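Chemist: Okay, here's the structure, questions in a sec.
The values are calculated or read from the model by the stated rules, or taken from the named source; none is laboratory data. Here the structure is a predicted model, which means the values were calculated and not measured. Because the Cβ atoms are built from the backbone with ideal geometry, glycine has one as well, and the counts that use them run over all protein chains shown. Only protein heavy atoms, including side chains, enter the accessible area calculation; ligands, DNA and RNA are left aside. Shrake-Rupley method; radii C 1.70, N 1.55, O 1.52, S 1.80 Å.
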Amino acid sequence: YTKLMDIFSLIQPAPKNVLVLGGAGYTLPQHLMNWPSNPQVTVVEIDPGMTKIARQFFRLKDASNLEIAHEDARTFLHSNQKKFDFTEYLENSIVNDRKRFDNKLNKDLKSLFNDKIPEKEEIKKDGK
């Protein structure tokens, strides 16, 4: 499934600052850290235990282009002023469609999230 992660390059081929809300096993953040653009990846994970599990079982290592914030996503988004080139929200599966937020997150988090990312261009069926 890591090969599917490269589909994000259609949305943002050379991100410099990436935000991932929810670290889970940190598979996506680790993959993004190795992209050719060498982006700075910020992961917001509310549970430090998940980060510990990722270090123990998913080979998560400290890196100069990885920042981990152990806090609630709403708190982070509300207090953080940094803009990101690309943002992902992880919830059991990778969500890349803002419409999914209508049922998954409250309006406050949706608003904060949308303020941190640029508008995404619609990807046509032919991928162009």
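Chemist: Residue by residue through segment 40-86, note down the ones that are in contact with a Leu (Cβ under 6 Å, 6 or more places away or on another chain) and under 23 Å from Gln12 (Cα atoms).
Modeler: Of everything in segment 40-86, those that are in contact with a Leu (Cβ under 6 Å, 6 or more places away or on another chain) and under 23 Å from Gln12 (Cα atoms) turn out to be Val41, Thr42, Val44, Ala73, Leu77, Phe84.
Chemist: Here is a follow-up. Just need a number here: residues in segment 3-25 that are modelled with pLDDT under 85 and open to solvent by less than 20 Å² (accessible area, probe 1.4 Å).
Modeler: Count: 2.
Chemist: Now, a different point. Among the residues of segment 37-60, write down those that are open to solvent by 20 Å² or more (accessible area, probe 1.4 Å) and more than 16 Å from Asp85 (Cα to Cα).
Modeler: Hits for segment 37-60 are Ile46, Asp47, Pro48, Gly49, Met50, Lys52, Ile53, Arg55, Gln56, Phe57, Phe58, Arg59.
Chemist: Considering each of Asp85, Asp102, Asp108 in turn, give the residue that is among the acidic types (Asp, Glu), modelled with pLDDT under 80 and open to solvent by 90 Å² or more (accessible area, probe 1.4 Å).
Modeler: Asp102
Chemist: Evaluate the following for Asn34: is it closer than 26 Å to Ile11 by Cα and open to solvent by 80 Å² or more (accessible area, probe 1.4 Å)?
Modeler: In short, yes.
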